[in-house]
Ligand code: SF4
Ligand code: SF4
Ligand code: SF4
Ligand SMILES: [Zn+2]
């Protein structure tokens with residue numbers, strides 16, 4: 001198996017990730033942008049949530065502006081509205097909901113109105129309203145807002161008596177304020193007239209005619225009107241009956257929209273868009289929210305305090321749990337759309353390549369999301385898609401892929417237990433366990449051989465997850481076949497996986513029987529080597545064990561037997577976040593991987609106990625005391641923070657040791673014929689730059705054959721290079737008695753050639 | 001027409017090819033990646049043609065161009 005960079009930025013191939021319908025279906029799962037419960041309940045579409053936010057921040061002017069947007073007569077509405085928003089308030093499920101009308105009144109009392117008149121041009125068609133009721137009054141306000149010249153015929157003799165007749169509950173102060181607003185509006189009032197008589201006399205003068213409901217029924221007894229649009233089509237009369245204050249205000253809004261349609265000689269039912277209250281699919285967690293009571297609003301401070309009780313309902317369950325989503329500050333819906341577009345564009349910058357490759361594919365989001373949004377699947381499909389169109393750069397994944405090839409090549413080992421022709425089991429510890437904790441793996445294997453009947457074979461290798469995560473489906477397929485062949489040669493025994501991710505991966509390959517070593521240990525009991533530790537530890541569940549309650553429980557029982565006092569952390573069990581290794585994030589985006597690790601560790605100050613070697617390693621690297629369950633079971637420690645080269649030597653060393661110890665085979669390590677030493681700076685740089693000692697050695701071997709090197713006079717060091725696969729490696733060295741001292745190493749993927 | 005060079009490094013007589021025992025000189029070279037070419041001037045051995053890519057160049061400009069191309 002070989003990996004070659006075959007990408008060209010001049011090859012334009014493209015394939016959809018999925019259909020538009022599927023995209024929309026996936027997107028619709030995310031309810032982040034659904035309206036808050038209060039907003040959804042308001043037929044006038046007041047942005048209650050924003051109003052509360054403005055007030056909580058002390059911005060009364062903004063709150064007033066939001067409120068005035070929905071009604072011409074705020075005093076009437078804020079005192080008379082039946083307020084379905086209040087009964088829908090989420091907080092009502094716990095304690096008392098927000099006193100939204102009180103907040104509206106506070107906005108009105110303390111907010112200042114912006115100056116300046118409407119910039120809209122006055123409309124040509126004029127409108128007349130005959131008769132006064134709450135509906136016709138609101139309608140007058142709505143029509144003025146739409147810039148129709150409005151005439152208003154009523155029996156009242158002035159604004160104040162009009163307001164008092166329509167809204168008798170208003171205080172004197174509020175009634176006067178409303179009458180003041182009315183006077184400011186550009187309305188031609190025909191005071192003290194008889195509306196019915198005026199209607200027959202004047203109606204021809206206007207393009208649009210509306211009437212109060214009682215007036216309309218006197219004019220046309222038995223009149224029928226379409227309440228959805230507040231129009232009586234036969235008479236072309238805008239009118240309708242309403243029940244209550246909010247319904248009058250909402251009826252006036254529907255009527256004003258109908259006026260627009262009639263003015264354009266369209267049917268009033270035409271293209272109206274969404275009106276009224278809506279059903280919301282929003283999900284908002286009340287976890288951590290304490291029930292509270294209303295704060296009586298008496299002044300600005302108490303209004304701000306009441307508004308501050310509002311929890312600004314929204315859904316961010318996934319973001320709260322996932323460091324990756326937090327890093328990119330995007331909700332799955334947006335992210336999916338952008339990824340979809342990224343994959344669909346042919347030329348130009350693919351801005352989403354990084355996010356596509358940074359997801360841990362851990363599946364936490366699908367557990368946290370109330371609708372099971374599966375971001376992992378989206379990113380995984382996107383990766384496979386990019387691989388299939390040749391759009392996936394090799395650089396982000398190459399190191400990991402080469403590591404997989406190494407695990408299943410040079411470091412691979414598959415053997416039956418000595419003395420057994422047929423084995424009932426095969427132990428599959430996983431590539432990370434062998435890389436990080438070879439002594440633990442050895443102890444585990446020897447224990448299984450000793451205590452299990454029927455023979456236990458050993459297979460050191462990689463389950464293929466790396467190729468799968470990288471989206472390299474061909475390579476992954478070859479790996480699956482390879483493992484199948486090797487397992488077949490062992491007689492297809494039951495697999496004992498050392499790692500929950502391997503278990504999951506192997507099961508997904510259709511391997512018949514796979515169990516975790518923890519399940520076996522529960523059957524056999526703990527070995528004598530078990531180190532009992534009476535101490536509290538935080539248990540980190542592996543993302544490979546998500547949805548695998550049996551494994552999670554088994555691990556807890558074993559930990560308890562070991563004496564650990566397990567403290568479950570927030571987001572444990574199925575909700576566990578990824579340590580930063582999953583999905584190859586560790587290789588593609590160190591920054592995001594680090595944030596993932598930190599976010600795991602933030603959950604508890606205790607030492608961490610885990611059951612995936614990659615988690616164990618990443619936590620240790622962040623400086624936390626970190627243990628793998630098997631380290632305790634076998635009293636055999638993992639290496640502390642081995643570098644990338646050590647992780648390879650560990651795998652090779654384990655193979656070599658076990659071959660010799662158990663099968664009496666000597667694995668010849670190639671004798672180089674020279675020695676290589678490294679300065680501490682060189683070691684640090686190589687680990688950071690993902691350059692292996694074996695890479696450096698190959699470059700030096702080439703140097704010995706070719707003699708190609710350059711002397712830098714300034715530093716007195718030699719520099720040589722060799723292209724290995726898709727990368728050119730450079731090594732800066734000085735000569736020693738037995739070989740070389742490496743001072744630095746660097747690499748690039750570009751090739752460099754002479755030009756004449 | 002004058003060549004467009006994306007980058008120039010002058011060895012200033014401070015680099016020596018160990019194989020040919022002669023000083024590297026400023027010479028024409030080309031970086032290639034994912035089917036894109038970038039003409040540059042780098043220290044080149046006049047005899048054997050060894051092209052030297054300094055560490056700062058590899059970790060700086062070369063890396064950033066690689067990354068940009070990978071996301072094209
Ligand atoms: S959890 Fe995330 S993906 Fe799911 S609905 Fe909420 S915001 Fe959307
Ligand atoms: S808590 Fe705030 S955002 Fe949520 S429903 Fe109540 S008023 Fe609306
Ligand atoms: S990192 Fe995990 S939780 Fe976050 S989006 Fe990816 S799969 Fe979901
Ligand atoms: Zn030369």
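Here, each number is a calculation from the coordinates, and none is a lab measurement. Because the structure is predicted, anything quoted here is derived from the model rather than measured. Cβ coordinates were reconstructed from backbone atoms using ideal geometry, including for glycine residues, and neighbour counts include every protein chain displayed.
List of remarks:
- Diffusion coefficient, µm² s⁻¹, Stokes-Einstein with Kirkwood Rh over alpha-carbon pairs of the stretch A:227-354 at 37 °C and 0.692 mPa s: 161 µm²/s
- Summarising the label geometry, the points placed 7 Å from Cα in the beta-carbon direction at residue A:410 and residue A:13 lie 3.1 nm from one another.
- When the alpha carbon gyration tensor of the stretch A:127-263 is reduced to an equivalent ellipsoid, its three semi-axes come out at 22, 16, 15 angstrom, largest first.
- Shielding by partners - mean other protein chain Cβ count within 10 Å, residues of A:344-350: 1
- On the principal axes of its alpha-carbon atoms, chain A has extents of 115, 73, 48 Å, going from largest to smallest.
- Residue order, fewest to most beta carbons within 10 Å, for A:728, A:271, A:440: A:271, A:728, A:440
- Ordering A:194-207, A:593-606 by mean Cβ neighbour count within 10 Å, with the highest value first, yields A:593-606, A:194-207.
- For the peptides A:549-557, A:569-577, A:430-438, A:3-11, residues were scored by their other Cβ atoms within 10 Å and the scores averaged per peptide; the highest-first order is A:430-438, A:569-577, A:549-557, A:3-11.
- Residues A:13, A:415 in ascending order of nearby Cβ atoms (within 10 Å, fewest first): A:13, A:415.
- Kirkwood Rh (inverse of mean 1/r, distinct Cα pairs), the stretch A:313-384, angstrom: 12.4 Å
- Where labels lie 7 Å past Cα in the beta-carbon direction, separation of residue A:4 and residue A:320 in nm: 5.1 nm
- Stretching residue A:279 away from residue A:625 to a fully extended chain increases their span by 119.6 nm, per 0.36 nm per residue minus the current alpha-carbon distance.
- Spin-label pair residue A:528/residue A:158, simplified geometry with 7 Å Cα→Cβ offset, distance in nm: 10.7 nm
- Distance-filtered residues of the stretch A:143-162 - backbone nitrogen under 13 Å, label point 7 angstrom along residue A:201 Cα→Cβ: A:153-155
- Exposure proxy order (Cβ contacts within 10 Å, fewest to most) of A:628, A:702: A:702, A:628
- The gain in end-to-end length when the residue A:737 to residue A:377 segment is fully stretched comes to 124.1 nm, 0.36 nm per residue minus the alpha carbon separation.
- Residue-averaged beta-carbon neighbours from other chains (10 angstrom radius) around B:47-55: 5
- Rounded to 5, percent antiparallel among DSSP beta bridges of the protein assembly as shown: 50 percent
- From most to least packed by mean Cβ count within 10 Å, the peptides A:662-670, A:511-519 give A:511-519, A:662-670.
- Note on the stretch B:16-70: Kirkwood radius taken over Cα pairs, Stokes-Einstein applied at 4 °C and 1.567 mPa s, translational D equal to 106 µm² s⁻¹.
- Calculated FRET efficiency for the pair residue B:71/residue A:337, C-beta based, R₀ 22 Å, to 0.05: 0.75
- Gain in span if fully extended, residue A:689 to residue A:228, counting 0.36 nm per residue against the direct Cα distance: 159.1 nm
- Sequence-separation-based contact order of the stretch A:675-748, relative, with Cα cut under 8 Å and 6+ spacing, percent: 38 percent
- With a 10 Å cut-off around each Cβ of A:713-722, the average count of Cβ atoms from other chains is 3.
- Over the protein assembly as shown, DSSP H runs of length four or greater, each weighted -39,500 (n - 2.57), average out per residue to a 222 nm ellipticity of -12000 deg cm²/dmol.
- Tail beyond 16 Å, pair distance distribution of the stretch A:400-527 (Cα, percent): 59 percent
- Over the stretch B:16-70, relative contact order from alpha-carbon pairs under 8 Å, at least 6 apart, %: 27 percent
- Rounded to 10°, Cα long-axis angle of helix A:100-110 versus longest principal axis of chain A: 70 degrees
- Per-selection Kirkwood Rh - the stretch A:6-123 (Cα, Å, 1 d.p.): 17.5 Å
- For the stretch A:469-570, alpha-carbon Rg relative to the globular expectation (2.2 N^0.38 Å, N residues): 1.28
- Coordinate range of the alpha-carbon atoms in the stretch A:675-748 per principal axis, descending: 27, 27, 24 Å.
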